[in-house]
Amino acid sequence: KNILNTLIQQNGQTPLTAKAQTLINVLDRREEIESELTALQIERPLEDTLYVEPMPIAPTVQRSDTSIIQKDTVAKVQVKAKPVTDTAFKMPAPVKSVSGFTFRADAPHYAVVILNKVDPVFINEGRNAFDRYNKEKFYNIPLEVKQVTVNDDIKLLIIGNFANAQAAIDYVQRTKPIAGAQIVPWLKGDKFTFSIVTEENLQIITDTKELGAYQKFLDQNLPVKF
C-alpha cells in the first residue's frame, strides 16, 4: 500500500494513478473477497433451448379436372390430365460446422470476457467489476454476469442475454476500449479478450473443454473482429 500511495502522489491524474487506487481498494476489500470466494457456488449454464426453424408450407398442387368442356362448340372434347405424383416435403438440414457450431445472427447472444490463466480472486473481482459497470452504463438493460469454466486455464465471464449478435457486438465494441483502464485495471492486457457466443455454442465449448475451435469458427463467420 505504501508503494501504491507513493505512485499516486508522484503521478497525479494519470491512468497509472487510477490503477494504483483500484488495487488499494481491492486490498482493502480482501476479507470481503475471500468470504465471497468461500461461499461461491459455480453454476453451470442452463440446458440449451433448441431453436427449431418453422417448417415451410409446401405449395398446394391443384389437380387438373379429368375433363374439360370446350365452350362455343358442339363437340365435347375429353382431355386427360397428367397424373400428379405426391411427394413428401423434406425440410432442409441445418448448416453446421464439422465441430457442431452454428451461427445465426438473429439468435440471442452473450458477450464474453475470456480470461486466460487468471487467479480465482481476480476472476471473482472481475465479475463484480463488470456487474457494477453494467448497472452504471447499461442500467436500462437487465444484464447478468456469470462465470463459466472451460478448463483449468480458461474461464469465461458470460454477460447477457442480448437479443441478437449485433446487440452483443455493440456491447463489446463499447466496453473493450475502456476495460483495461476503468473496469479491470488489475488485469494485464494479455490476460483477457472479448468475444460473443450463443447458449448452444457455449454448451459445446464446455462439453469439449476447448475454446480454440470456436474462435476459429467465429473468425470465419463473423465479419467483425474483436
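At a glance:
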{"read-out": "Packing rank of 101-112, 194-205, where each peptide gets the mean count of other beta carbons within 10 Å, highest leading", "value": "194-205, 101-112"}
{"read-out": "Given K19/K188; K176/K209; K19/K209; K19/K176; K135/K176; K137/K216, the pairs whose alpha carbons are separated by over 23 Å", "value": "K176/K209; K19/K209; K137/K216"}
{"read-out": "Gained length - K117 relative to V224, 0.36 nm times residue gap less alpha-carbon distance", "value": "36.0 nm"}
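A short reminder: the numbers here are calculations on the coordinates, not readings from a lab. Just so you know, these numbers come straight off a predicted model, no measurement behind them. Reconstructed Cβ throughout: ideal geometry from the backbone, glycine too, with neighbour counts over all protein chains shown.
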